[in-house]
Amino acid sequence: MKLRSARAGRRGLSYPASVALVLCGGIFFSLMGLGVRLIEKADAWQILLYRSLGALPPLLMLIAASSRGRIGAAFLAAGWPAVVGGAVLSIAFAGSIVGLKNTTVANASFLFGASPFFTALLAKFFLGERIRMSTWLAMSVASLGIGIMVVEGLSAGHLLGNAAALISAMGFAAFVVTLRWNKSEDMYPAVFHAAVIAAIACTAISAAGPGVAVSARDAIIAIMLGSFALGLGMILLTIGSRTVPAAEVSLYCLSEIVLAPAWVWALLDERAGPLTLAGGGVLLLALLLNAMLGLRAAQPRQQSVGPQSSR
């Protein structure tokens, strides 16, 4: 409790307020699937193009705020690793939109949620990080859930959507490992690079196909997804995570996985199949188990480190 009070005092936010911001960030992220469903004619690459353009202003504001106005210095300090991280994150961005366009929101969202386990595996093989026994157990349970969902995806003709969602999860995992490799705590330049790379790539792909022009409705929705669902969601998550420990943040962010299918079910009557719900439930249980055990393991370290552990 002393740690939380010290952090809250330093950052100007109480612990409950910070938790609320993290939860709100997850809520904004969860709107991505609903937004994609509301788009009428634009394809995945056109959606990603306009979403990326919409994300650039709030991301730039976030970089300016975190660097106290020294935007150029922030990009220089991030260096080439941020560009590499941005490149793999742009793949994750593409996979997420392609996944949402080619399978149910529930299926895609549950598969996106497997990213922490891919992160643990990549960090072990490339960075030599140790994986806790509890995480191995959670990954085993998660793989069962993923297998159940993929089986239903094959029978329903959603192979492309499932594959794209898994590629998105792997891409985000590679992004996180890139940041760890560079010992970087400032991920925002890399996210900005990802949006720029995605916008350039999608412009080229769309220009070679149907073109970049879409209806005003589709463009507005896609831009709002970038500005609010992605950009504002990241700002809220960033502010809240300054006070809330990382293990708790991962737990609260599970709200995104739960809410994303709920929005399209409640508002658009998009229903997930029984195997998707079963597999997603198993995966969600694994994520919850991993987050709870991670929180339990982190508490002794937080108590021993004290206020100096805050950034």
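We did not get these values from a lab; they are worked out from the coordinates using the rules stated. Quick caveat: nothing in here was measured; it's all calculated off a predicted structure. All Cβ positions, even for glycine, are placed from backbone atoms using ideal geometry, and neighbour counts span all protein chains on display.
Overview of values
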read-out	value
Coil-residue trypsin sites (Lys or Arg not before Pro) of segment 210-278, DSSP, other Cβ within 10 Å capped at 14	271
Spatial separation of Cα centroids for segment 265-297 and segment 85-113, in angstrom	16
Whether segment 59-171 is rounded, prolate or oblate, judged on the alpha carbon gyration tensor where a/c under 1.5 counts as rounded	oblate
Span-like helix ranges in the chain, DSSP H, alpha carbon extent 15 angstrom or more, Kyte mean at least 1.0	15-38, 44-66, 71-102, 115-127, 133-155, 159-181, 188-208, 254-268
Rounded D (µm²/s) - segment 26-303, Kirkwood Rh over Cα pairs, Stokes-Einstein at 4 °C, 1.567 mPa s	68
Gyration tensor verdict on segment 207-259 (Cα atoms; rounded if a/c is under 1.5, prolate if a/b is larger than b/c, oblate otherwise)	prolate
Likely footprinting exposure, 52, 67, 143, fewest C-beta neighbours within 10 Å first	143, 67, 52
Cα-based shape type of segment 142-213, given that a ≥ b ≥ c are square roots of the gyration tensor eigenvalues and the cut on a/c is 1.5	oblate
Spatial separation of Cα centroids for segment 133-208 and segment 25-58, in angstrom	16
Residues 269, 218 arranged by fewest to most Cβ contacts within 10 Å	269, 218
DSSP-assigned coil residues among trypsin sites (Lys or Arg not before Pro) in segment 61-147, each with at most 16 further Cβ atoms within 10 Å	68, 70, 130, 132
Packing-based exposure ordering (other Cβ within 10 Å, fewest first) of 133, 292, 139	133, 292, 139
Neighbour count of at most 15 Cβ within 10 Å plus DSSP loop: longest GluC sites (Glu not before Pro)-free window in the chain	186-311
